[in-house]
Amino acid sequence: MKIISLQLQNFRNHQLLNLDTNSKLIYIYGNNGMGKTNILESVFLISTSKSLRSEYDKDLIKHDKTFLRVKGLVEDVADKK
């Protein structure tokens, strides 16, 4: 699976995040508490429809918000081999 784009809205501590990439390798870096693991969790969520860290979907919603959105555009790299 190759991630083409990832959009998060009210997911964990991300109010709005849009990531687009054409790269084979993606680096995620930042200070503690910036949401790096949340980005990885969102990729896991769109891949498996499960959270890495929570049993309940309501725990994924940013505090004081009523909904979340996780949208990913992926490409199946197995088809290209």
Exercise. Find, among the GluC sites (Glu not before Pro) in the chain, those assigned to loop by DSSP (not H, G, I, E, B) with at most 14 other beta-carbon atoms within 10 angstrom.
Key: GLU55
Quiz prompt | Tally of Lys pairs whose C-alpha atoms are under 26 Å apart, taken over the chain, 8 or more apart or cross-chain | solution = 24
Quiz item: Working from the pairwise distances between different alpha carbons, so that the mean of 1/r is found and then inverted, what is region 31-71's Kirkwood radius in Å?
Solution: 11.0 Å
Quiz item: Relative contact order for the chain: what is it in percent, counting Cα pairs under 8 Å that are at least 6 residues apart?
Solution: 46 percent
Quiz item: Quick one: length gained pulling VAL74 to ILE28 fully straight, 0.36 nm per residue minus the C-alpha distance?
Solution: 14.8 nm
Exercise. Could you tell me the distance between the Cα centroids of region 29-81 and region 1-18, to the nearest Å?
Key: 7 Å
Self-check item: Evaluated over the chain, the Cα radius of gyration and Dmax, each in Å
Solution: 13.2, 45
Practice problem: Please calculate how many Å² of accessible area the chain carries per residue, with a 1.4 Å probe and no DNA, RNA or ligand atoms counted. | Solution: 78 Å²
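Given +1 on the Cβ of Lys and Arg, -1 on the Cβ of Asp and Glu, and no further charges, what dipole in debye does the chain carry about its Cα centre, rounded to the nearest 20? Don't skip to the end; give the middle numbers.
Values: 13 positive and 9 negative charges, 20 e Å.
The dipole of the chain has a size of about 100 debye.
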Exercise. Determine the share of region 1-40's accessible area contributed by carbon and sulfur atoms, expressed in whole percent, with a 1.4 angstrom probe.
Key: 52 percent
Practice problem: Write out the chymotrypsin sites (Phe, Trp or Tyr not before Pro) in region 43-76 meeting two conditions: DSSP loop, and at most 11 other Cβ atoms within 10 Å of their Cβ. | Solution: TYR56, PHE67
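The values are calculated or read from the model by the stated rules, or taken from the named source; none is laboratory data. These numbers come from a predicted model, not from an experiment. Virtual Cβ from ideal backbone geometry, glycine too; neighbours counted across all protein chains shown. Accessible surface is based on the protein model in full, side chains and every heavy atom, while ligands, DNA and RNA are left aside. Shrake-Rupley method; radii C 1.70, N 1.55, O 1.52, S 1.80 Å.
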